[in-house]
Amino acid sequence: MTLRTKWSKGKILFAMFIPCLLYYLIFKYLPIFGIVVAFKNYSLYRGVWASDWVGLKYFRLFFSGDDLWLLLRNTFLLGFYNLVFGFAAPIVLALLLNEMRLRVFKRFVQTVSYLPHFISNVVVASMVIVFLSPTGGLLNRMLESLGIGSVNFMADPSWFRSIYVLSEIWQHVGWESIIYLAALTAIDPALYEAAGIDGANRWQKIRSITLPGISPTIIILFILKVGSMIEIGFEKVYLLSNPATYASADILSTYVYRTAMVNGNFSYGAAIDLFTAVVSFVFIYSANLLSRRITGNSLW
């Protein structure tokens, strides 16, 4: 089939793909040329190309700094906890929804679980702060009613990771379960009927039919999740953190923001951001390679 024939048959699909292509070209690929800032002493007045080259100066500065290991530890642990608990939650929700037989209740649960995804991070962070407020917060009121003193959760570094991960699960579990529900529809119902004839109960059907049926989807999404593990979303971390919780809340993205946007050291911030991108690429490549060797499923 020639290229002209392919175009004539799929021109509508190609036309629908153009906005997506333009989005990635403009907002994902063109900005890549900005990494040159990481190797220059960038000045707003002189511009990118007129600024002096400094080579690996800012990378050496970052690697020799006192904040390196704290930032790496906080970023990795926050991403790891979010991966361990946040990745499994939508799978469990999809399995539970798939087992529901009352359609009205199933649709109600789906709607309620999807809605938080459409709430902005600013609103979610505000809700969390109000809910956990030491003066009038609902959780602290419950603790006081039980005879336990109020706890200033938002000023205690030991609580930050739990608060972030739980808020992420609440906000995105319903939306992320959609793709697993779609994968479940591809499983042949005859397999369940045959298992039922053989005397299998619901748990045995889930373990022997459902989970193996959606395992390729789980593996692909897990690889993507691993790749983004170190690139924790900036907005919510920044909104929930404060100087009192920097010991556990200060991650690479928030440090880059303070370095580049607050302090005006754009080259240093670009160098750290480039380092983060390289580490993320190593993570996703390693996860993909490991998955291909163990399970035979991979992104490429």
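Would you be able to tell me the number of residues in the range 264-300 that are part of a helix (DSSP H, G or I), polar (S, T, N, Q) and within 21 Å of the chain's Cα centre (by Cα)? Show your work before the answer.
Of the range 264-300, the ones part of a helix (DSSP H, G or I) are 266-294.
Still in the running and polar (S, T, N, Q): 267, 276, 280, 286, 288, 291.
With the extra rule that they be within 21 Å of the chain's Cα centre (by Cα), the set shrinks to 276, 280, 286, 288, 291.
Final tally of qualifying residues: 5.
Being surrounded by fewer than 19 Cβ atoms within 10 Å (Cβ to Cβ), of a type in the set (Ser, Thr, Tyr) and within 26 Å of Gly79 (Cβ to Cβ) is the filter here, so list the residues in the range 120-165 that pass it.
Within the range 120-165, Ser120, Ser126, Ser158, Ser162 meet the criteria.
Take the range 181-209 and flag every residue that is loosely packed, with under 15 Cβ neighbours inside 10 Å, without any contact (Cβ under 8 Å) to a residue 12 or more places away in the chain and either of a type outside the set (S, T, N, Q) or touching a Pro at 6+ places or on another chain (Cβ under 6 Å) (or both).
Scanning the range 181-209 gives Ala182, Asp188, Pro189, Ala190, Glu193, Ala194, Gly196, Ile197, Asp198, Gly199, Trp203, Arg207.
Looking only at residues in the range 254-275 that are free of Cβ contacts under 8 Å to residues at least 60 places away in the same chain and in contact with a helix residue (DSSP H, G or I) (Cβ under 6 Å, 6 or more places away or on another chain), which one is farthest from Ser158 (Cα to Cα)?
Asn265
Could you list all residues from the range 201-218 that are of a type in the set (A, V, I, L, M, F, W, C) and farther than 21 Å from Glu168 by Cβ? First the steps, then the outcome.
The initial filter retains those residues of the range 201-218 that are of a type in the set (A, V, I, L, M, F, W, C), namely 203, 206, 209, 211, 214, 218.
Within the range 201-218, Trp203, Ile206, Ile209, Leu211, Ile214 qualify.
List pairs: first in the range 167-180 and touching a residue at least 24 places away in the same chain (Cβ under 8 Å) and within 25 Å of Leu132 (Cα to Cα), second of a type in the set (Val, Ile, Thr) and assigned to a helix (DSSP H, G or I), Cβ under 7 Å, 6+ apart or cross-chain?
Ser167/Val124; Ser167/Val128; Gln171/Val124
If you go through the range 117-146 one residue at a time, how many are at pLDDT 90 or above, β-branched (Val, Ile, Thr) and either in a loop (DSSP other than H, G, I, E, B) or touching a Lys or Arg at 6+ places or on another chain (Cβ under 8 Å) (or both)?
Qualifying residue count, the range 117-146: 2.
Could you check the range 1-59 and list, in sequence order, the residues that are of a type outside the set (Val, Ile, Thr), surrounded by 11 or more Cβ atoms within 10 Å (Cβ to Cβ), touching a Phe, Trp or Tyr at 6+ places or on another chain (Cβ under 9 Å) and closer than 18 Å to Val256 by Cβ?
Hits for the range 1-59 are Ala38, Phe39, Lys40, Asn41, Tyr42, Leu56, Lys57, Tyr58, Phe59.
The values are calculated or read from the model by the stated rules, or taken from the named source; none is laboratory data. This one's a predicted model, so the numbers in the text were calculated from it and none came from an experiment. Don't worry about glycine lacking a Cβ; one is built from the backbone with ideal geometry, like all the others, and counts go over all protein chains shown.
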